Structures are given as C-alpha cells and as structure tokens.
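Chemist: Got a structure for you, questions after.
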Amino acid sequence: MSAPTEDNSDLKITEYKASRYNQLFQRDKGNWLAFNALTCGLAEMNSDNHRLFAMFLEKTGLGEFDIEKDFILQLQAGGFIVPREMDEIEAIRAGHYQARFGRKDFCLTIIPTLACNFSCDYCYEPRSVPVRDVQSPFIMPEEVCNNIGALCEKRIAENTHFHVTWYGGEPLLAMDTIEKLTNKFKSMCSSKGSSYFASVITNGYLLTKECLNILISSGVVFIQITVDGPEQIHNERRHLKSGAPTYQTILQNLENIEDDSPLLVAVRINIDKRNSEDIYLLLEELRTRGLNHCRNIVIYLGQVIHNLESCSNVAFECMAANEFASFSAEIYKEMIKLGFKIPIYPHVMMGSCAAVGTGGAVIEPDGTIHNCWNAVGNKSMSVGQLTRNGIEYNPNSVKWLGWNAFRDECLNCNILPICMGGCPYRTIKRDAISDAMNNTCSIWKYNMKSLLEIARMAREKGLLIVPWEKIKKR
C-alpha cells in the first residue's frame, strides 16, 4: 500500500471499526489481497500490515499503541475501516433509494425494430414476436418517434446527462430511425446544456465502415458485438435466418475499427456447456487477427441463462452461476496471457439496475414500455404505453418500483454493494424459472479471490479496462 501525503495527526485507530464488506485473501507466503465491496478498493498487503488488518476483521481491536498513521489513512481511503458510529447498511440503503428514485440523468433503451437478421437458438426474445421480412422490417413509426421526442423534452433536465442504448431485434436494420431520433436528442441536449451519448447492442453483421461512421456522428461511444466461438461453432449458434454463416463478416467488421476511433467495442462471448471447450480456439483465432492489440476492443464472457419459455430449448445447457464463475476465471487468465484487454473489475451497484428506478424506460417500436430489456417482446410483462402525453403506466410497474434489494438472503452478504440484490428480472420471474435462485447472485459471490487476482494481473499488464470509466474520458 502506498503512503498518502496528507497530514492527519489527530487520527486515532480506536475511532474506527472494520467495514462489514471486507474480504482478505492470501496470494502467497507473506502477501495478501484485501478487497472492500463498498468502495471496490483493492490493496496488496505485506505480512505486517496483514497482521494489523486481520485484527480488525476478527474484531479484536487494536488498542492504543503505535501504528503508522499512513497505514491507517490507506485503510480509511479504501473503506477498509469506517467510523465506529457509522451504520454501513443504512448508508447503503439511503444511497440505494437516492440512486433509484432521485437521479436527474435520463436513460432510454430504444428498440427501433424487433426484426432481426439472425436466428440464434438461445435468444430470449419470444418466438411469438412476428418474424418479418428482413428486407422490409417493421420500423418504429413516426408517431412513436414523435412521442419519444415529447417525452425527452419533458424529462431531460438542464446540465445533466442523457444516454440512449439502441437495442433490438437488430437495431442496425433501422439506421434511418437512429439518425432521425439522434438529431432530435442532440438538439434538445444542446439547448439545455446537457450531454448526450449512446450505445449500441448489435450482432455486428451490418457494422460496415459506412455504418460505423454514421454511428460515431450519432454520438455512439460504446458498441457490444457477440462472437460465440470459432467459426464453425459460431455459425451453428448465430447464423442468418437463411442459415448463411456470419462469422467472417463480423470479424472483418471488427478489423475495420480504427485504433483512433472514439468507440469502445466490447466483444461478448456467450457461454454455455455446448461451446465452453471451444473458447480457447476462438481466442487464438482472434489473436491471429491482431484483435489483442486493438486499443479500443475489450473481450468479456456472458452467461447464457434460461430466462423465458422461448429459450427453454437450451435450459439444460446453461451453466449454474458458480460453474460459470469458475470457468470464467480460467478463460480470463488465458485472455491475459494472449494480451487481450478485459473489463473484469467489480463496481458498486448503488441503485441496482435501472429497471427498478425512475430514471428511464425501454421502448418497443409500437410504444410498448418495459422496465427491463429481458422482457422485450413479452407483452404480459409490459409496464405501460408511450403516448403523446408521456408514459401511461399499468399495474405491472409496481412490481419493479417495489422491488426490494435488502431481502434477508442479501442483507448480510459481504458483497451486497456490488450485487445489490442481484438481477431484478430474475427475482421477479423466480417462480417461472426453475434455476433463477441459483443465478440471481453476481458471479463475484462464487469466485471473488480468483477474479480479483485476475483483475490485479490485468492491471499490472495494462490490460484492465473499466468500460464506463473509459467512456467518461472520451
């Protein structure tokens, strides 16, 4: 731990207690890692500092004897020790509700079309969604676009941030709508002194150089693309509706992203039992193409989860949360060896997911409103309808607004701040999904030591990327 320079001669160790969100792991003989889930502070300790810190964790107290104040200040800065009178749970509870219901920033997930050019076997969007001709998909009509504009005019506050995620279906099938709405958003934000930025969740097939340039000019700073394995495996899982392959086109589009591009691109690899053994081969293929040297491309793993009846065909192929956590650790180690940038570091989820707050909405092409994009296409989970006067909410909205992050099984968990009750969607759907309880918690619960060690190694090699922190700097 490095020493701070500020003077604090009146600081007394007896005025502090150990945070309830500390974890301590031995790296090797004489060296330890300490982590605090409330600040996400990570510290390396030698044996002497570990001995003192362990006394806090064991609640034995240190008494009045000589301890270097620099060490105390480091513990304080990392949140490892807190004032004795502080109630951390109440502090988290206050911050949680402020973040959920008191935020001024506005976030929308907009689905300009539910049409998709892919036919992925594990897609959670219900098969009951009409599959229209990809050449002439149903696009969000002008009336809904105007209603979105009216909603934003009311909700975008002065000197704040407005963030849009373009989602689908496949959003790049509706580029005209993205451009049209973006022009409205930029004009509104400019007049109110607010900032605007956007993200795109895409399968990557249509992400040509021309499309990239349009997205950049439309304020897009983050793009997520999915590649599910080496060529044969990916094409079996993520092919066009015609059955045609997609792998080579997607990788060529990734190679077209310039190092000086303002974009941050996350390549997501969806993992289940069917493709897990092939991920090493995929990483080698990506390395051969030079993607490990791209400044603005990161790679991360996604867990395929049986969210709805529409993806019940892969239910028995999904990994349990603890199984996925263990597997992820091994793959991330391999990524570091190959020089890939990874976004693996926990962050505080003070407001939980945006789905349980009042700072945004998910809007389908016909104006149907959801709180969570996992519910897209499922009208029974809709929370309202967008009209010219704003959003008219229905009784389903109460399930989300009343969602409780401080349930008994979560209240005493030492990673509560970075999980904050887990995924609200999976909790609300618990009765309908047989394995929901097993998959509600964050993977950090199951493999904290290994994942933190991986994050430490990635940081030392300059390969650790925290996506939203990087975006803020752009």
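Throughout, read-outs are computed from the coordinates displayed, never taken from laboratory work. Note that this is a predicted model, so its numbers are computed, not measured. Using ideal geometry, Cβ is built from the backbone for each residue, glycine included, and neighbour counts are taken over all protein chains shown.
Chemist: On a 0 to 90° scale, report how tilted helix 47-57 is relative to the longest principal axis of the chain, with both axes built from alpha carbons and the result rounded to the nearest 10.
Modeler: Taking Cα atoms only, the helix is inclined about 80 degrees.
Chemist: Another one. Please order His370, His161 by the number of other Cβ within 10 Å, starting at the fewest.
Modeler: Ascending Cβ contact count within 10 Å gives the list His161, His370.
Chemist: Something else: For n ≥ 4 DSSP H runs only, could you compute -39500 (n - 2.57) per run for the chain, divide by its residues and tell me the 222 nm figure to the nearest 500?
Modeler: The helix-only estimate for the chain comes to -10000 deg cm²/dmol at 222 nm.
Chemist: Still on this model: Sorted from fewest to most neighbouring beta carbons within 10 Å, what does the list Tyr393, Tyr247 look like?
Modeler: Tyr393, Tyr247
Chemist: In what order do Glu90, Glu179 fall by count of nearby beta-carbon atoms within 10 Å, going from fewest to most? Write out the running numbers ahead of the final one.
Modeler: Values: Glu90 9, Glu179 13.
Arranged by neighbour count, lowest to highest, Glu90, Glu179 become Glu90, Glu179.
Chemist: Please state the shape class of the stretch 217-359: rounded when a/c is under 1.5, otherwise prolate if a/b exceeds b/c and oblate if not, all from the C-alpha gyration tensor. All intermediate terms of the calculation are to be shown ahead of the outcome.
Modeler: On the way: a/c = 1.29, a/b = 1.06, b/c = 1.22.
Rounded, because the longest to shortest axis ratio a/c is under 1.5.
Chemist: A further question on this structure: Can you give me the angle between helix 321-338 and the longest principal axis of the chain, using Cα atoms only, in degrees from 0 to 90, rounded to the nearest 10?
Modeler: 90
Chemist: Search the structure for amide H atoms under 5 Å from the amide H of Gly41, placed 1.01 Å from N in the peptide plane, and list their residues when 5 or more places away or on another chain.
Modeler: For Gly41, whose amide H was placed from the backbone, the distant partners under 5 Å are Asn36.
Chemist: Where does helix 444-460 land angle-wise versus the long Cα axis of the chain, in degrees 0 to 90, nearest 10?
Modeler: That helix lies at roughly 90 degrees to the long axis.
Chemist: I've got another one for you. Between Tyr97 and Asn256, what is 0.36 nm times their sequence separation minus the Cα-Cα distance? Round to one decimal in nm. Walk me through the numbers before you get to the answer.
Modeler: On the way: separation 159, 0.36 × 159 = 57.24 nm, distance 4.28 nm.
Once the chain is fully extended between Tyr97 and Asn256, it gains 53.0 nm.
Chemist: Under 8 Å for C-alpha pairs, at least 6 residues apart: give me the relative contact order for the chain, rounded to a whole percent.
Modeler: On the way: 824 pairs, mean separation 78.5, N = 474.
Relative contact order comes out at 17 percent.
Chemist: Also, quick follow-up: What share of the DSSP beta bridges in the chain is antiparallel, in percent to the nearest 5?
Modeler: On the way: 26 of 60 bridges.
Here the share of antiparallel DSSP bridges comes out near 45 percent.
Chemist: Whose amide H sits under 5 Å from the amide H of His306, counting only residues 5 or more places off or on another chain, with H placed in the peptide plane?
Modeler: none
Chemist: Separate question: Give me the extension gain from Glu392 to Lys180: residue separation times 0.36 nm, minus the current Cα-Cα distance, reported in nm with one decimal.
Modeler: Gain on stretching Glu392 to Lys180: 73.9 nm.
Chemist: Lys445: which lysines have alpha carbons under 22 Å from its alpha carbon, excluding same-chain residues fewer than 8 sequence positions away?
Modeler: Filter leaves Lys273, Lys333, Lys429.
Chemist: While we're here: Placing one identical point scatterer on every Cα of the chain and ignoring solvent, what is log10 I(q)/I(0) from the Debye formula at q = 0.09 Å⁻¹?
Modeler: -0.66
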